[in-house]
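The values are calculated or read from the model by the stated rules, or taken from the named source; none is laboratory data. Note that the structure is a prediction, hence the values are computed from the model and not measured. Please note: Cβ atoms are built from the backbone with ideal geometry, for glycine as well, and neighbour counts cover all protein chains shown.
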């Protein structure tokens, strides 16, 4: 049995998913779609797809899983367009960083017996410094030793949830169940806030007095901090994320402003020792986080479940039997 998986959006995440599934070509038919046909064709050239389908209804027809690896501000329109052609028991999963606005769209647009599960991919720690986006930034092991945060609405069958976690395992990642409020709050702090800080630095320095000469002296610190804005390929997507996580993000910004204000006060008062303490604290905290992130050592090793990657054949049939229902015929 060959399982059809449709990936909509062939950027870094979508193409990396296709590449990771490439070792199981006998088990999956990987169909891809992108608003830019050249990008979709490039993903196929890289080996991430078996077929490119420019027509969205045809792309999702008979798919057991549909992955929406597209910006948040494109998800409503895409759901609206593909909903009539999703077969029974098809599972729609998205990779947007925040989910507050998606859940109402799903309730509004998905027909009965079509299921939604939200995913947030956390990449392989080996690629933490990879700031580029797009199809050329895709990697076969982008999710290996990473994590998928899994959001499951209350009405999703347990079989569909199991399929989603098996899917994460297939990509080499573990999974973490999480509710929408907690997820969006965390993503506001760790994903959106750094990009806004990056934008603030750029807007506070570029074209300000002295910038004409100062730009010639910009080096690694400036490049590293300012690069975070590139995490979102499109400004509209970042704005949509920020507005969806508005309450949490405002609180995060308040904390950031207060911290910067304290540093400013230490500097203005000539309190070198207090500034030294703040910087040392930041350095130690970063080293601790980075070590944990690279090792994935969030819990003790004895509490970690045994995670074996699925193999082809009967195992895939077991995993994806749930999504084998067919789209009912429409009354004439």
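For the reader, a short list of remarks on this structure follows.
- The residues of segment 97-113 that are more than 21 Å from residue 144 (Cβ to Cβ), buried (at least 21 other Cβ atoms within 10 Å of the Cβ) and in contact with a strand residue (DSSP E or B) (Cβ under 8 Å, 6 or more places away or on another chain), listed by number, are 99, 102, 106.
- Of all residues in segment 78-128, those being outside any helix (DSSP H, G or I) and over 21 Å from the mean Cα position of the chain (by Cα) number 9.
- Scanning segment 175-184 for residues that are in a helix (DSSP H, G or I) and surrounded by fewer than 17 Cβ atoms within 10 Å (Cβ to Cβ) yields a count of 3.
- Residue 165 being within 16 Å of residue 122 (Cα to Cα), touching a strand residue (DSSP E or B) at 6+ places or on another chain (Cβ under 9 Å) and in the same structural domain as residue 16 (by TED's automatic domain parsing): yes
- Within segment 68-90, residues that are outside the structural domain of residue 34 (by TED's automatic domain parsing) reach no partner that is modelled with pLDDT under 95 and buried (at least 22 other Cβ atoms within 10 Å of the Cβ) with beta carbons closer than 9 Å at six or more positions or on different chains.
- On inspection, residue 43 passes the criterion of being crowded, with 21+ Cβ neighbours inside 10 Å and closer than 23 Å to residue 120 by Cα.
- Residues located in segment 129-160, provided they are more than 15 Å from the chain's Cα centre (by Cα), over 20 Å from residue 8 (Cα atoms) and crowded, with 19+ Cβ neighbours inside 10 Å: 152
- Among the residues here, residue 207 qualifies as on the phi > 0 side of the Ramachandran plot and not assigned by TED's automatic domain parsing to the domain that holds residue 75.
- Lone unmet requirement of (1) surrounded by 15 or more Cβ atoms within 10 Å (Cβ to Cβ); (2) more than 30 Å from residue 73 (Cβ to Cβ); (3) within 27 Å of the chain's Cα centre (by Cα) for residue 282: (1)
- Lone unmet requirement of (1) loosely packed, with under 15 Cβ neighbours inside 10 Å; (2) at positive phi for residue 172: (1)
- Residue within segment 30-40 that is closer than 21 Å to residue 239 by Cα and not in a helix (DSSP H, G or I) present: yes
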